[in-house]
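Structure first, commentary second.
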Amino acid sequence: MLIRTNNTGFIHPDHRDITPESLYMNRRALLQLAAAGGASLAVGSAWSQTPGELDLAAMQTVRSAVPGAISTEKQTPFQDASSYNNYYEFGLDKGDPVKNAHTLQTQPWTVRVEGLVNKPQTFDIDQLLKLSAQEERIYRLRCVEGWSMVIPWIGYSLSKLLDKVEPQGSAKYVEFVTLADPKTMPGLRSGVLDWPYTEGLRLDEAMNPLAMLAFGMYGHALPKQNGAPVRLVVPWKYGFKSAKSITTIRLVEQQPGTAWNKAARNEYGFYSNVNPDVPHPRWSQATERRIGEGGLFARRNKTLLFNGYEEQVGQLYAGMDLRKNY
Ligand SMILES: Nc1nc2c(c(=O)[nH]1)N[C@H]1C(S)=C(S)[C@@H](COP(=O)(O)O)O[C@H]1N2
Ligand SMILES: [Mo]
């Protein structure tokens, strides 16, 4: 991601926040150690934090039968996945959302599904939770900044919801609008993005069974910093396509604007499929590092086309120039 500053143009946050996450974790542990007056046990307790200890509701799930939905790679520890986040509404640093997102009000919550559909409807979050069986899916999520995670998400295919509202023939794209509440989201004071954060998918991408509406992770409801109460997870695209805390889903005919595309058109395209062969204008996308595994100096893994989901989604882009449609 990049950050728009007052007069110097764009600065990539990795340049501003050069602390690799291993040092970040150490610093966090050290701070906790200091707060505890040097008791070495404090480090242990910081590392043992679980979703249950955070009072996140446990969720019943079935194992997903969607092809490609269960990665067998080593899972990112919960405490890394819930403390190293991008959620600019709660601050620009990776450690800000976990500190600030407690103000997010997730009850009551409704999601309006509207636009070019036969049956527009406002769902409250309990209706949405019950719309389909909650599946556990273990997806890689690859951020455009060069890191990735492997997370056991809970949710179901976005297509289940779209089927309910019956998209009309003229609907070609799906726009996702997320919460923008200045009272609870301190990040809205920054002009980095044009709030609310919006995202979009082509309708056939949105209907691909891998595109997921997620309500939980690690067997529990989503932590606020991860996009509670409902977010998108689109595992073959860069992380910023996976919009958090969704309030409106709109079926439209024209390709919708998206938050990062509006901020820097030449850097973040509409498609944003993970592609090791198409570098970001200012850095390579060929490799990635796993969060929670040894930090900046750890071996970097080769990034895979469509984040490794080519078999499931490659046909969506048959005949398209992926350099042009970045
Ligand atoms: N509303 C909203 N959604 C968002 C973002 C954001 O800033 N605001 N950041 C995106 C980016 S850049 C990434 S990499 C993922 C991070 O998800 P995670 O923190 O759960 O790993 O969320 C995406 N969804
Ligand atoms: Mo990202």
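The values are calculated or read from the model by the stated rules, or taken from the named source; none is laboratory data. Computed from a predicted model, the values in this text were never measured in an experiment. As a convention, Cβ positions derive from the backbone with ideal geometry for all residues, glycine included, and neighbour counts pool all protein chains shown.
Kindly provide the set of residues from the stretch 216-272 that are away from ligand 2 (no atom under 14 Å from the Cβ) and part of a strand (DSSP E or B), ordered by number.
Matches in the stretch 216-272: GLY216, MET217, HIS220, ALA221, ILE246, THR247, THR248, ILE249, ARG250, LEU251, VAL252.
Results for (1) of a type outside the set (D, E, K, R); (2) under 29 Å from GLU267 (Cβ atoms); (3) within 16 Å of ligand 2 (Cβ to nearest atom); (4) part of a helix (DSSP H, G or I), shown as yes or no for each residue.
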position	(1), (2), (3), (4)
ASN86	yes, yes, yes, no
GLU89	no, yes, yes, yes
LEU92	yes, yes, yes, no
ASN100	yes, yes, no, yes
GLU145	no, yes, yes, no
VAL150	yes, yes, yes, no
TYR156	yes, no, no, no
LYS160	no, no, no, yes
LEU193	yes, yes, yes, no
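Looking only at residues in the stretch 129-173 that are without any contact (Cβ under 8 Å) to a residue 24 or more places away in the chain and either closer than 29 Å to GLU253 by Cβ or buried (at least 19 other Cβ atoms within 10 Å of the Cβ) (or both), which one is nearest to the chain's Cα centre (by Cα)? Give the steps one after another, and end with the answer.
Residues of the stretch 129-173 that are without any contact (Cβ under 8 Å) to a residue 24 or more places away in the chain, as a first pass: 130, 163, 169.
Imposing the further condition that a residue be either closer than 29 Å to GLU253 by Cβ or buried (at least 19 other Cβ atoms within 10 Å of the Cβ) (or both) reduces the set to 163, 169.
Working: ASP163: 23, GLY169: 29 Å.
Looking at the filtered set, the residue picked out is ASP163.
Can you go through ASP204, ASP126 and tell me which one is acidic (Asp, Glu) and free of Cβ contacts under 8 Å to residues at least 40 places away in the same chain? First the steps, then the outcome.
On the way: ASP204 fails: free of Cβ contacts under 8 Å to residues at least 40 places away in the same chain.
Within the list ASP204, ASP126, the selection yields ASP126.
Identify, from the list GLY52, GLY38, the residue that is farther than 30 Å from ALA259 by Cα and at pLDDT 85 or above.
Details: GLY38 fails: at pLDDT 85 or above.
The unique qualifying residue is GLY52.
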